[in-house]
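These notes are about the structure you will find just below.
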Amino acid sequence: MLISNCLIHPILTSTLQGASVLMQEFAPHMECLQMTILSLEASHSTSQSCPCGNVNTIYRCINCFHSPVFCSACIVTTHVLNPFHRLEKWTGTHFSRIPLGDLGGVIHLGHGGQRCPNILPTSGRRMTVVHTTGIHTLFTTFCGCLGAPADLLQLTGARLFPATVNRPDTALTFAFLEDLHIHVLTSKKSVFDHHSAIQRLTNAVSPQNVPNRYPECNQVLQLWQTLSLARRAGQAHGIDAQFPNRIPKSLAVRCFACPDIGFNIEKRVVDAASEAESHKYSLFLSIDGNFRLQRTHTNKRRDADDVALIDGHGYFVN
């Protein structure tokens, strides 16, 4: 049960400013807050019966609201659609982290998360999945119905981005990739640091024992950013057919203030412009020399077999 003997006392804040007001309000309640947080580490519901009637209620999920306690069968059932939540088991003295896979949890692709009736005996395998809650290892089964998509597309359809094309055994959730993309852009955090944080979130005591998926994170992020750029630029939606005057396959962000025939100005207006107004509809090009691009392979790291994902359609030449 929660600590309930904390009393709220009015505090005079007329002479306090800024953060001092907030700190002064919280200061008398720090001990009660600490005791309430610590009380969550103890078991108060393991003596109660599970909704199914089972009295062996020793499992809880700290990602679920209120973290209700269930038996092993019910905790697995309630997480069919949330396989990447963090589960804990009551040991008698404390709660200890336990993977869903250890309780028999399985990821079923296709059929709304339910087991495929035509599953092939050899289609399942253990997969490592990187999510915002940590790095998880779960047995995964693929749909074996006639006409079912390839493993690559089954994973993508479940919002799991595979790290390889052929028989992938590692995947990154869309939620993790979106989170990683935002952190890299806003905080300038490296992929390595973000991956290290996920490892510690998985196991703060022994992060070295957590599967290392840094290379996969680094490579898949490039693919994710390229696909995101194509969607946001409209190329994934056939935008060139709507604006035929633009450079085909362009991924660059257009300037909405610049005259763009077919978008914010008509060609007849440009053609009819007087000499005094022609500067408003003129395109000015400038060239800047980037001499570092001229470095040869002798003094620059390069891959002779490198594959261009943007291929000159962004802000740099091919």
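The values are calculated or read from the model by the stated rules, or taken from the named source; none is laboratory data. These numbers were taken from a predicted model, which means no experiment stands behind them. Note that each Cβ is placed from the backbone with ideal geometry, even for glycine, and that neighbours are counted across all protein chains shown. To get the accessible areas, we keep the full protein, side chains included, count just its heavy atoms, and leave off ligands, DNA and RNA. Shrake-Rupley method; radii C 1.70, N 1.55, O 1.52, S 1.80 Å.
Tabulated results
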| quantity | calculated |
| --- | --- |
| Residue tally, condition in a helix (DSSP H, G or I) and either open to solvent by less than 50 Å² (accessible area, probe 1.4 Å) or over 30 Å from Glu88 (Cβ atoms) (or both), over the range 201-237 | 23 |
| Phe243 being surrounded by 13 or more Cβ atoms within 10 Å (Cβ to Cβ), in contact with a Phe, Trp or Tyr (Cβ under 9 Å, 6 or more places away or on another chain), within 19 Å of Arg86 (Cα to Cα) and without any contact (Cβ under 8 Å) to a residue 40 or more places away in the chain | no |
| The range 35-48, residues that are of a type in the set (S, T, N, Q), open to solvent by 90 Å² or more (accessible area, probe 1.4 Å) and under 12 Å from Trp90 (Cα atoms) | Ser47 |
| Single residue of Gly113, Gly134 found to be open to solvent by less than 20 Å² (accessible area, probe 1.4 Å), touching a residue at least 60 places away in the same chain (Cβ under 8 Å) and out of contact with any His (no Cβ under 9 Å at 6 or more places or on another chain) | Gly134 |
| Set Ser45, Ser20, Ser49, Ser123: member being over 23 Å from the mean Cα position of the chain (by Cα) and assigned to a helix (DSSP H, G or I) | Ser20 |
| Flag for Arg97 being open to solvent by 50 Å² or more (accessible area, probe 1.4 Å), in contact with a strand residue (DSSP E or B) (Cβ under 7 Å, 6 or more places away or on another chain) and at pLDDT below 95 | yes |
| Options Val80, Val69, Val76; residue that is more than 23 Å from Met127 (Cα to Cα), among the hydrophobic types (A, V, I, L, M, F, W, C) and in contact with a strand residue (DSSP E or B) (Cβ under 9 Å, 6 or more places away or on another chain) | Val69 |
| In the range 58-71, the residues that are of a type outside the set (Phe, Trp, Tyr) and touching a Phe, Trp or Tyr at 6+ places or on another chain (Cβ under 6 Å) | Ile58 |
| Some residue of the range 49-60 being modelled with pLDDT of 85 or more, open to solvent by less than 90 Å² (accessible area, probe 1.4 Å), out of contact with any strand residue (DSSP E or B) (no Cβ under 6 Å at 6 or more places or on another chain) and at positive phi | yes |
| Failed condition for Ala27, given (1) over 28 Å from Arg126 (Cβ atoms); (2) surrounded by fewer than 15 Cβ atoms within 10 Å (Cβ to Cβ); (3) in contact (Cβ under 8 Å) with a residue 12 or more places away in the chain | (3) |
| Condition broken by Ala276, with the remaining ones in (1) modelled with pLDDT of 85 or more; (2) surrounded by 10 or more Cβ atoms within 10 Å (Cβ to Cβ); (3) among the hydrophobic types (A, V, I, L, M, F, W, C) satisfied | (2) |
| Candidate set: the range 157-188, residues that are among the basic types (Lys, Arg) and in contact with a helix residue (DSSP H, G or I) (Cβ under 8 Å, 6 or more places away or on another chain); chosen: the one surrounded by the most Cβ atoms within 10 Å (Cβ to Cβ) | Arg159 |
| Residues of the range 162-200 satisfying the condition of being under 15 Å from the mean Cα position of the chain (by Cα), part of a loop (DSSP other than H, G, I, E, B) and not small (Gly, Ala, Ser) | Lys189 |
